[in-house]
Amino acid sequence: MAERPIRVLIAKPGLDGHDRGAKVVARALRDAGMEVIYTGIRQTPEMIAEAAVQEDVDVVGLSILSGAHLDLFPRIVDLLKQKGMQDVLLVCGGIIPDEDIAALKQMGFAGAFGPGTSTQDLAKFIRDRIVARRAGVNA
Amino acid sequence: MDHASVEAVRAGDPRAVARAISAVERGGAQAREVIAAIFRYTGHAHVIGVTGAPGTGKSTLVNESAKLYRRRGHRVGIVAVDPTSPFSGGAILGDRLRMQDLSGDAGVFIRSMATRGSLGGLAAATSDAAKVLDAAGFEIILVETVGAGQSEVDIAKNAHTTVVVEAPGLGDDIQAIKAGILEIADVLVVNKADHDGANSTVAALEMNLNLKPKGENDWRPPVLKTVAIKGEGITDAVEWVCKHRAYLEANHLLESRERTRLRAELEMVVQRELMARLVHGVNGGQIEVLVEKMAAREMDVYQAAEKLIGGTR
């Protein structure tokens, strides 16, 4: 049986006005063989957690430009845990200052990918971690 | 699938439902186990297919219809299918984007599915996903196909009621009399009816329907106008879907449709399983040899197939 494609939710919490970067990432992950659920801009933490549960995703990727990441991300992480999604791989991107990255890692984010990130590197980062997790689960 | 998971699915627990759908999507032994555990609890939902060309507004129509069903107190499950890339195997599943009004409502469950190589407008596991939602107590199940061309008609075998969504400007009256997708409609919706040409689209569809000889008790699909994005015409569309269900019940057609559906499903699974057994079975190693013989024009496709199947007798 073929391996299940990696399922990724790409979501934009908060009030960002555009989602060009998120769409580029969605498209790149599609081209890397992943199933990308894309829900558009202005998502509340509740909407994001609900979509992650219903879609049974392996990865939640949050994109944010507004600077509200340290307010919104913890709420999303909490909701995901409450809903039994504590194992989901968390990544983020957008405009995230370097000094905030330690806090995000603390929160459970595996990686933060800002402007200039190679989409191939991002896809590889995700694939390597999911493959390792699945191997761990099956062992 | 253990008893607790089955009970969690039946109680509509979102995580349990989501994981059961992932299992049926994965196929194989896991999928069979889930279906074996839940099948007896299915058969209660009204399964409504929504199909039509890309960009006609299927997702928006599904969103608005779901809102209306919710106001009437029904729990609504949605399966939205988008195509898998034939090159990378990946997919963008974007139908949820049009269904944001439904978030935060525990009476709605939305699942996006990629076709994963299936043709016909649905994924191989779409009907199994609908079964999971049925067992979870969703009374209305809306199945949105991929943006369909003319011949993606599998939905008609999987739904009780099929809604075909058209939009103005997609074709003339010759398109309307072609075989295929229009023939499977129980309800025809001309969405984006505020655009130019809506009336001529309605007229072309009506004319086509009028050409079909009609028996006394036959269902005549209505041609409805909607502007889904503004919520216009939705009540009428949902009303007609309910009328169609009542028509099926009154004429004992629900039972025969169910049997047609089960037969189609059985044939599909037999085909898939037989193919898998041939490929993975004793003769599997022969396939490359047979392909070589075909390439060398020593054997044609029928002879090669006979050779492959014949060995299993």
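No value in this document is a laboratory result; all are computed from the given coordinates. Just so it is clear, the model here is predicted, and its values are computed rather than measured. Counting neighbours? That spans all protein chains shown, and the Cβs are built from the backbone with ideal geometry, glycine included.
Would you calculate, for chain A, the mean residue ellipticity at 222 nm contributed by helices, counting each DSSP H stretch of 4 or more residues as -39,500 (n - 2.57) and dividing by all residues, to the nearest 500? Write down the numbers at each step before the final one.
Working: 5 runs with 66 residues, N = 139.
Taking each H run of at least 4 residues, the total per residue is -15000 deg cm²/dmol.
For residue A:42 and residue B:300, what is the calculated FRET efficiency with R₀ set at 41 Å and r taken between the beta-carbons, to the nearest 0.05? Kindly include the intermediate steps, with their values, before the conclusion.
Working: r = 58 Å, r/R0 = 1.43.
The computed FRET efficiency comes out at 0.10.
For the pair residue B:101 and residue B:255, what calculated FRET efficiency results from E = 1/(1 + (r/R0)^6), where r is the Cβ-Cβ distance and R0 = 35 Å, to the nearest 0.05? Show your work: numbers first, answer last.
Working: r = 35 Å, r/R0 = 1.01.
With R0 = 35 Å, the Cβ-Cβ based efficiency is 0.50.
Stokes-Einstein diffusion coefficient for segment A:1-74 at 37 °C in a medium of 0.692 mPa s, Rh from the Kirkwood formula over Cα pairs: what value in µm²/s? Write out the running numbers ahead of the final one.
Values: Rh = 12.7 Å.
Roughly 259 µm²/s, to the nearest whole number.
Using 0.36 nm per residue of separation minus the Cα-Cα distance, give me the extension gain between residue B:217 and residue B:71 in nm, one decimal.
49.4 nm
How many lysine pairs in chain A, separated by 8 or more positions in sequence or lying on different chains, have Cα atoms less than 21 Å apart? Display every interim value, and only then the final one.
On the way: A:12/A:23; A:12/A:81; A:12/A:83; A:12/A:105; A:23/A:124; A:81/A:105; A:83/A:105; A:105/A:124.
Close lysine pairs under the 21 Å cut-off: 8.
Residue B:57: net charge of surrounding residues, Cβ under 9 Å, Lys/Arg +1, Asp/Glu -1, itself excluded? Could the numbers behind the result be given before it?
Values: positive: B:58, B:98, B:192; negative: none.
Summing Lys/Arg as +1 and Asp/Glu as -1 gives +3.
What is the count of Lys pairs in chain B whose alpha carbons sit under 14 Å apart, if the two are 8 or more places apart or on different chains? Mind showing how you got there, number by number?
Details: B:58/B:192; B:58/B:225; B:58/B:230; B:67/B:230; B:178/B:212; B:192/B:225; B:192/B:230; B:293/B:307.
So the count works out to 8.
Return the distance in nm (one decimal) between the two label points of a simple spin-label model at residue B:292 and residue B:229, each offset 7 Å from Cα along Cα→Cβ.
Placing both labels 7 Å along Cα→Cβ, they lie 5.8 nm apart.
Normalised by the number of residues in chain B, what is the relative contact order in percent for Cα pairs under 8 Å and 6+ residues apart? Mind dumping the intermediate values first?
Details: 507 pairs, mean separation 54.8, N = 313.
Dividing the mean separation by the residue count of chain B yields 18 percent.
Points 7 angstrom from Cα along the Cβ direction at residue B:309 and residue B:206: gap in nanometres?
Modelled inter-label distance: 4.9 nm.
What is the sum of charges around residue B:143, taking Lys and Arg as +1, Asp and Glu as -1, for the other residues whose C-beta is under 13 Å from the C-beta of residue B:143?
Values: positive: B:58, B:111, B:131, B:157, B:261; negative: B:82, B:95, B:128, B:134, B:144, B:152, B:154.
Taking every Cβ under 13 Å from that of residue B:143, the sum is -2.
With the alpha-carbon atoms as the only input, what is the per residue convex hull volume for segment B:266-310 in Å³? Walk me through the numbers before you get to the answer.
Numbers: hull volume 3.1 nm³, N = 45.
Each residue corresponds to 68 Å³ of Cα convex hull volume.
With N set to the number of residues, divide the alpha-carbon radius of gyration of segment B:84-135 by 2.2 N^0.38 Å and report two decimals.
1.30
Can you give the helix-only mean residue ellipticity at 222 nm for chain B, where every DSSP H stretch with n ≥ 4 adds -39500 (n - 2.57) and the sum goes over all residues, rounded to the nearest 500 deg cm²/dmol?
When only DSSP H runs of four or more count, the value is -14500 deg cm²/dmol.
In percent, what relative contact order does chain A have, based on Cα pairs under 8 Å that are 6 or more apart in sequence? Each step should come with its number before you reach the end.
On the way: 206 pairs, mean separation 34.9, N = 139.
So the answer I get is 25 percent.
If R₀ is 22 angstrom, what is the calculated FRET efficiency for the pair residue B:263 and residue B:242, using the beta carbon separation as r and rounding to 0.05? Intermediate values should be presented prior to the final figure.
Numbers: r = 26 Å, r/R0 = 1.19.
For residue B:263 and residue B:242, the calculated efficiency is 0.25.
Averaged over its residues, how many other protein chain Cβ atoms are within 10 Å of peptide B:108-116's Cβ atoms? Provide the component values of the computation, followed by the final result.
Details: counts 2, 3, 5, 4, 11, 2, 7, 0, 4.
That works out to 4 on average.
Among residues other than residue A:68 whose Cβ falls under 14 Å from its Cβ, what is the net charge (Lys/Arg +1, Asp/Glu -1)? All intermediate terms of the calculation are to be shown ahead of the outcome.
Working: positive: A:12, A:42, A:75; negative: A:16, A:71, A:100.
For residues surrounding residue A:68, the net value is 0.
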